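The values are calculated or read from the model by the stated rules, or taken from the named source; none is laboratory data. All values reported here derive from a predicted model rather than from experimental measurement. With ideal geometry, Cβ positions are generated from the backbone for all residues, glycine too; neighbour counts draw on all protein chains shown. The accessibility values were calculated without ligands, DNA or RNA, using every heavy atom of the protein model including side chains. Shrake-Rupley method; radii C 1.70, N 1.55, O 1.52, S 1.80 Å.
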Amino acid sequence: MAGRVTLNGHVVKNPATQVEDDDVVALDGEVLAGPEPIYLAMHKPAGRVCTHGNDHHPDVFELLTPSLRKRLQAVGRLDLDATGLLLFTDDGQWSHRVASAKACCPKTYRVTLVEALQGDAAALLEAGVKLRGEKKLAHAQLVQHDELTVDLTVSEGRYHLVKRIAGALGSRVVTLHRWRIGDLELGDLPEGEVRMLTPEEVDGLARRG
């Protein structure tokens, strides 16, 4: 087998060589197909973090089957107290296209507030609001459901963006629920449950990114 296996065009001499998702492995010049990538949607419950190995809180990976817990990564994050649509995959390129701050893949959140927004908040958000410590204005689209309940759609990936926007408008977030990413909606998926994305949903999110 010496010299027959190549990794990204280079002969593999060490059998313990690690292979990444985007690597091209070939045997005698023929590219070997790896396992099919996985794309999941989860209805994240409150009280769980989106990272592995947190010592203080349970994580969302505990809701996956044991065979998927180490294989998959969350696409973006939701805060500990936030709920809603969370994506998982082992496809690094797809994850980057969806979650990148430059991807402009809109995400819509149902937000309940401590205090009602004052003035024409929708127009202000369309024009852009200044966030503390930021040079660039933050833009969002707002749909008002009642005095304390709004939908905010953002296309940026900044840290705690929705909560910071609410603060810039003179209010604070009580609950935060993400119900849509791009054209993909959470729908009636029960809290704590997961489902496979359809090929059409996967392609649609990739085009968005």
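For K13, the aspartates and glutamates whose Cα falls under 20 Å of its own Cα, not counting residues fewer than eight places away in the same chain, are D21, D22, D23, D28, E30. Applying the criteria of a DSSP loop state and at most 16 other Cβ atoms within 10 Å to the trypsin sites (Lys or Arg not before Pro) of the stretch 127-209 yields K130, R132, K135, K136, R158, R172. Measuring against 26 Å, Cα to Cα, the residue pairs K44/K136; K107/K136; K44/K107; K44/K135 contain K44/K136; K44/K135 as the ones spanning a longer distance.
If you model the stretch 7-83 as an ellipsoid using its alpha carbon gyration tensor, with each semi-axis the square root of five times an eigenvalue, the axes come out at 35, 13, 10 Å, biggest first.
Placing +1 on each Lys and Arg Cβ and -1 on each Asp and Glu Cβ, with no other charges, gives the chain a dipole about its Cα centre of roughly 760 debye.
Extension gain for E62-V174 works out to 37.7 nm (0.36 nm per residue, less the C-alpha to C-alpha distance).
Taking 7 Å steps out from each Cα toward its Cβ at R69 and A16 produces label points 2.6 nm apart.
The angle between the Cα long axis of helix 199-208 and the longest principal axis of the Cα atoms of the chain comes to about 70 degrees, rounded to the nearest 10. Here the spin labels are modelled as points 7 Å beyond Cα on the Cα-Cβ line, and at E30 and M196 they lie 2.6 nm apart. The accessible surface of the chain, taken with every protein chain in place and a 1.4 Å probe, is 52 percent carbon and sulfur. Running Debye on the chain with equal point scatterers at the Cα sites and no solvent, what base-10 log of I(q)/I(0) appears at q = 0.19 Å⁻¹? Computed log10 I(q)/I(0) values: -1.36.
In the chain the longest region clear of GluC sites (Glu not before Pro) that are loop-assigned by DSSP and have at most 10 other C-beta atoms within 10 Å covers 21-146.
Subtracting the Cα-Cα distance from 0.36 nm times the residue separation, let me have the gained length for A116 to R4 in nm, one decimal. Stretched fully, the A116-R4 segment lengthens by 33.6 nm.
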